Amino acid sequence: MNDTLTCGHDFSPSNYRLQGAVHQCYACHRERMEARRAKNRERDDAIVADHRAGVSKDVLAKTHRLCLNRIYNIIRANTPKQNRLTSDPLFPERAMQRAAELSNTRVEELKSHWREKHLVKARWCVMAAMHERGVGYKSIGRRLGGRDHTTIIYGVRQAGIFSERSPEFRAMLDQVRAA
Ligand SMILES: [Zn+2]
């Protein structure tokens, strides 16, 4: 029996096994995983660079065939924490103010627990915009009238879904982002 596999890797129990009818070489597996990680890193770097250059997340999602949430996460994961909100500590207040104006209501109502549609959607915009600026889920919840972080996670997700479905919602979200 040869001591190398046809791929050139070590034919030993620590590297090779036959599982059912499937030949498994761990060295090949590691190489594939490493290649995939490198490719993803390259893609993520490109997404972050384009995002900083002003390409919208919707366009990035379409170009890379990823959902909007993945795009948010990639950008967020590659944005240094200290540069997020510390550079603009008043953003949350402005975002809430803008969202309130756009939905003909007041900030206190956004912070309230009323469930009218226009309030719910305005809150989702605020949640998503703060989240993009790196405000933590718990902190967003505190600022929005003491909501639970799971509510914020849900709201951010809803904002992603609705901004794909509804141009009006997306327009509102964009204005809150730019507050
Ligand atoms: Zn191999």
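Meeting the requirement of 3 or more residues that are under 17 Å from ALA159 (Cα atoms), the helices (runs of 4 or more DSSP H) wholly within the stretch 42-131 are 57-64, 68-77, 91-102.
Let's see how each residue does on (1) of a type in the set (D, E, K, R); (2) farther than 25 Å from SER163 by Cβ:
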{"site": "CYS28", "(1), (2)": "no, yes"}
{"site": "HIS51", "(1), (2)": "no, no"}
{"site": "ASP58", "(1), (2)": "yes, no"}
{"site": "ARG65", "(1), (2)": "yes, no"}
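Does LEU5 meet the test of being of a type outside the set (Phe, Trp, Tyr), within 16 Å of the ligand (Cβ to nearest atom) and more than 19 Å from TYR137 (Cα to Cα)? In short, yes.
Which residues, taken from the stretch 146-157, are part of a helix (DSSP H, G or I) and free of Cβ contacts under 8 Å to residues at least 24 places away in the same chain?
Residues satisfying the conditions are HIS149, THR150, THR151, ILE153, TYR154.
Checked against (1) in contact with an Asp or Glu (Cβ under 9 Å, 6 or more places away or on another chain); (2) assigned to a loop (DSSP other than H, G, I, E, B); (3) within 8 Å of the ligand (Cβ to nearest atom), SER12 passes all but a single condition, namely (3). Of the set (1) among the charged types (D, E, K, R); (2) loosely packed, with under 11 Cβ neighbours inside 10 Å; (3) within 16 Å of the ligand (Cβ to nearest atom), all apply to ARG65 but (3). The residues on offer are GLY134, GLY160, and the sole one that is part of a loop (DSSP other than H, G, I, E, B) and touching a Leu at 6+ places or on another chain (Cβ under 8 Å) is GLY134.
The listed residues are ALA35, ALA27, and the only one of them that is within 16 Å of the ligand (Cβ to nearest atom), modelled with pLDDT of 95 or more and surrounded by 10 or more Cβ atoms within 10 Å (Cβ to Cβ) turns out to be ALA35.
The values are calculated or read from the model by the stated rules, or taken from the named source; none is laboratory data. Owing to the predicted nature of the structure, the values given are computational and were not obtained by experimental measurement. So basically every Cβ, Gly included, is an ideal-geometry build from the backbone, and we count neighbours across all protein chains shown.
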